[in-house]
Amino acid sequence: MGAGAHFAANPLTLGFRRRAQTFFTLLGYRKSMLPRWGFLAVAAILSLLGLTRAERPAPAVKDVQAKFIKALGGVDAITRVRSMTMRGFGIAYEANGKHTRIPFVIYASDFKRLEVDTVPGKGNFSFGYDGKIAWALSPAGKAKVFTGTDAASIRRDADLRYFAHIPAYFRSMTVVGVRSFYGHVCYLVRGINLWGNVNNQYYDVASGLLTGYRFHQWIGGAPEKAETVQVFDRYQRFDGLLISTRETDYRDGRPAGAMYYVSIRVNNVDPRVFKLPPAVTALVKSKRSGGESRRVFLRA
């Protein structure tokens, strides 16, 4: 498909591994108490296949990464996308058992990004990165500028080609072995990123695809105590590129929400959309950045 082609898909595997989670965290929602699933079944599969940690030697990191890139469609499939317009919705699980549906639209190009989340009864929350400045804007017009490791992680999240060069963002990466992960038999790759946080990555042994992450959000220069898990599934192929169509998020083992992408248009983004809003420009000029945020973006 050419520029402006439309398809039902999700760009998670194109680099947005820690996209904005404002509809789960910025509003202070608590999560439901639904249990995890799949661990007993996977343990049985591991036993039947003989895939014990002692019996199956761990491959090299470069081999796991190469298989993952090939499964997606190859380096060319990842790098040929220059921009995207993405629309979908998030579901936030609340403590009272209710689920809140929050539509969003995301505009992205290489190292540039704008997201607008429409929260029912509250309005539009905007988040952006123009290649230099990472920012957030509330419906009331209150601006926020991110600095330090927060800004560094947001810049990484805006890398459309992230999955073509994952090791570039890590000080070290090691294949720990075979583990069960939410219904999958996976290679566990443990990395320490450039700002010192530990990130556990799970790659399906059979398909090579990324199944999810387990990490602690990096907030204000340090990881928080709560553990975050992201699970990617419903992969579909688009123009030679295999991508996930759903992300489910957990916090300390409890479902926090899910994200669904319902449409994407490729290579049609007007670069003017990334221009800083007046309130953010004024904040930058006044040099009043306001410090670092609390869980506006997932990061690790």
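Summary of values
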read-out: Extension gain from VAL176 to ALA226, taking 0.36 nm per residue of separation minus the Cα-Cα distance; value: 15.8 nm
read-out: Gain on full stretching of the segment that runs from ASP252 to LYS122 - 0.36 nm per residue minus C-alpha separation; value: 44.1 nm
read-out: In segment 113-200, the trypsin sites (Lys or Arg not before Pro) that fall in loop regions by DSSP, at most 16 other Cβ within 10 Å; value: LYS122, LYS132, LYS142, ARG161
read-out: Centre separation in Å (Cα based) which lies between segment 204-271 and segment 72-89; value: 14 Å
read-out: Candidate lysines for bridging to LYS70, where Cα separation is under 16 Å - those fewer than 8 sequence places away on the same chain excluded; value: LYS62
read-out: Sites ILE192 and ASP239 - FRET efficiency at Förster radius 41 Å, r taken between beta-carbons, to 0.05; value: 0.75
read-out: Using a Förster distance of 41 Å, the FRET efficiency for LYS70-ALA282 (Cβ separation, nearest 0.05); value: 0.30
read-out: Cα→Cβ-extended label distance, 7 Å offset, between ALA95 and ALA168, nm; value: 4.3 nm
read-out: Anchor LYS112: lysines whose Cα lies under 19 Å away (excluding residues fewer than 8 positions away in-chain); value: LYS132, LYS144, LYS275
read-out: 5 angstrom amide H check on GLU227, placed H, neighbours 5+ away; value: ASP252
read-out: Phi-based couplings in Hz for segment 61-74 (Karplus 6.51, -1.76, 1.60; Gly and Pro marked x); value: 4, 4, 6, 5, 5, 5, 5, 5, 4, 5, 4, 6, x, x
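Each value in this text was obtained by applying a stated rule to the coordinates, not by laboratory testing. Every value quoted in this text rests on a predicted model; they were computed, and no experiment measured them. Reconstructed Cβ throughout: ideal geometry from the backbone, glycine too, with neighbour counts over all protein chains shown.
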